[in-house]
Amino acid sequence: MKRYSDLAATPDSSGVRAQVGEQARRLAERLARVRRIVVVMSGKGGVGKSAVTANLAAACAAAGERVGAVDADINGPSLPLLLGARGRAIGRTPEGLAPAAAPCGVRLISTDLLVPADGAAVVWRAPTQADAWVWRGAAEASALREFLGDAVWGELDWLFLDLPPGADRIATVLGLLPERAAVLAVTAPAAVSVLSVGRALELSAAAGRRALGLVENFAAAACPRCGADLDPGGAGAVEGLALAAGVPVLGRVPYDPALRDACDAGTPLVLARPAAPAAQALLALAARLRERVPPGPAP
Ligand SMILES: Nc1ncnc2c1ncn2[C@@H]1O[C@H](COP(=O)(O)OP(=O)(O)OP(=O)(O)O)[C@@H](O)[C@H]1O
Ligand SMILES: [Mg+2]
Ligand SMILES: [Zn+2]
């Protein structure tokens, strides 16, 4: 089994401090060549972060823009599947990792494209089992730094980051990114989701980044067969959170079986069926981001 430690610096290796300083410098330099950075997070699992990220990235690429995507879900990567890029390898060049290209043109970094076999978990090498947890946090942070700073992105119009569920990676990721990076929080209408996303928004604010906005996913939809209202419940919960956190709701993506099917098929819905209700919502969200995410200086 492949060990990630050949990529990630081990926390106590000699010269690691200098190496991290050098990496931080390279990171700033490389991200300066990216016009817009968007972090998609939620704090809650399964609310559609990856589906939203994949479709936003594909929508921007289809508009002729240069798009990169980082699968920041180191242990549960899913962007390669959603973008139909499984099996496409990340290259290694003297300048750093060369992102894989998805069929839609999005350039992608993901542990899924580094780990050889299906089901092979990323293994963190630690001296004892007790060390493994601490080690894993440090190694994940190191992997993220490497994905961002050691990847040869070149000039990009957009860089999207798909975060894992839970709140523990939010501060790490935000700490690596320039202040202009926009945070997008995805939530489902249910109260349990809204609660976790509220906590994630607080963490983001504590890291000095007020989220750009919320995306309500699995929102109310019309039944594709009879047109009847499919109400997921939780009416008003997302608005309540938006009000309390002082952030706007930037998009509402309805529950749409076509989105689920497109995800499973590895073709972003915005490309496969742009007229589908969820695709319309995602395209509108991409347009709104183009208006609202402050672009960095043109490289
Ligand atoms: N609006 C929607 N309508 C129907 N199905 C959806 C919708 N949004 C997402 N899905 C489906 O729900 C499942 C979970 O979505 P996704 O993997 O994007 O969630 P996630 O928040 O990234 O999960 P995780 O926290 O595990 O990373 C996927 O099968 C996806 O296809
Ligand atoms: Mg995901
Ligand atoms: Zn019906």
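Observations
- 15 Å beta-carbon shell around A207, net charge (K/R +1, D/E -1): +2
- The chain - share of DSSP beta bridges that are antiparallel (%, nearest 5): 20 percent
- The range 58-76 and the range 254-299 have Cα centres lying 11 Å from one another.
- With respect to the chain, whose longest principal axis is taken over its alpha-carbon atoms, helix 129-149 is tilted by about 80°.
- With protein chains left intact and a 1.4 Å probe, residues in the chain average 44 Å² of accessible area per residue.
- Rounded to the nearest 10 degrees, the inclination of helix 49-62 to the longest alpha-carbon principal axis of the chain is 90 degrees.
- According to the Cα-based calculation, Rg over Rh for the chain is 0.96, with Rh computed by the Kirkwood formula.
- Translational diffusion coefficient (Stokes-Einstein; Kirkwood radius from C-alpha pairs) of the range 144-299 at 10 °C, 1.306 mPa s, in µm²/s: 93 µm²/s
- Sulfur and carbon atoms: percent of accessible area, the chain [1.4 Å]: 55 percent
- Distance between the modelled labels on A228 and A284, one decimal in nanometres: 2.5 nm (7 Å Cα→Cβ projection).
- Under 5 Å, built H, 5+ apart or other chain: amide partners of G68: R107, W158, L159, F160
- Neighbour cut-off at most 14 other Cβ (10 Å), DSSP loop, trypsin sites (Lys or Arg not before Pro), the range 205-272: R210, R225
- Each other residue within a Cβ distance under 15 Å of A221 adds +1 if Lys or Arg and -1 if Asp or Glu, for a net charge of -1.
The values are calculated or read from the model by the stated rules, or taken from the named source; none is laboratory data. Here the structure is a predicted model, which means the values were calculated and not measured. Glycine gets a Cβ as well: all are built from the backbone with ideal geometry, and neighbour counts include every protein chain shown. Note: accessible area is taken over every heavy atom of the protein model, side chains too, but ligands, DNA and RNA are not part of it. Shrake-Rupley method; radii C 1.70, N 1.55, O 1.52, S 1.80 Å.
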